[in-house]
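For reference, the structure is listed below as structure tokens.
The values are calculated or read from the model by the stated rules, or taken from the named source; none is laboratory data. Keep in mind that what you see is a predicted model, and the values were worked out from it rather than measured. Methodologically, a virtual Cβ is constructed for each residue, glycine included, from the backbone with ideal geometry; neighbour enumeration extends over all protein chains shown. Please note that ligands, DNA and RNA were not included when accessible areas were found on the heavy atoms of the full protein model with its side chains. Shrake-Rupley method; radii C 1.70, N 1.55, O 1.52, S 1.80 Å.
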Amino acid sequence: VQLQAFGGGLVQPGGSLRLSCAASGRIFSFSTMGWYRQAPGKQRELVATIDSIGSTNFADSVKGRFTISRDNAKNTVDLQMNSLKPEDTAVYYCNLDWLNKIWWGQGTQVTVSS
């Protein structure tokens, strides 16, 4: 399995970004997909997950601002981020969890700054 994340960049506070992650392999539709982030000097933390049947889970810090979606036909998972705050600045990673085997993408930088 290979994961490639893209869509990061620089955005002003209050702005929006959409991250996408493309996965190779045949297990995508059976897997839980997640977005995590790691800010400088901090541990990697969960942002959002979506399981194989579309159930979602969000960190409290992003509830109501971020949404996660998946397209099993395209093997992609997206993270729509709205009302971005400076504290959302981090490297964002997508991951794939299949039967507790986990793969990580390479990360994409999101910077929220005026």
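Lys-Lys pairs in the chain that are eight or more residues apart or on separate chains and whose Cα atoms lie under 25 Å of each other come to 5. Hey, how many Å between the Cα centroid of the range 52-86 and the Cα centroid of the range 6-35? Here the answer is 8 Å between Cα centres. Considering only beta bridges that DSSP places wholly inside the chain, some 95 percent are antiparallel.
Shown here for the range 71-114: chymotrypsin sites (Phe, Trp or Tyr not before Pro) in loop regions (DSSP other than H, G, I, E, B) with at most 10 other Cβ atoms within 10 Å, of which there are none.
Seen from residue 78, the other residues with C-beta closer than 11 Å to its C-beta sum to a net charge of +2, counting Lys and Arg as +1 and Asp and Glu as -1.
Looking at the range 54-104, the DSSP beta bridges with both ends there are about 100 percent antiparallel.
Here the contact order of the chain, divided by its residue count and restricted to Cα pairs under 8 Å and six or more residues apart, works out to 38 percent. Here the chain exposes an accessible surface that is 48 percent carbon and sulfur, computed with a 1.4 Å probe and the other protein chains kept in place. Other residues with beta-carbon under 12 Å from the beta-carbon of residue 109 carry, at +1 per Lys or Arg and -1 per Asp or Glu, a net charge of 0.
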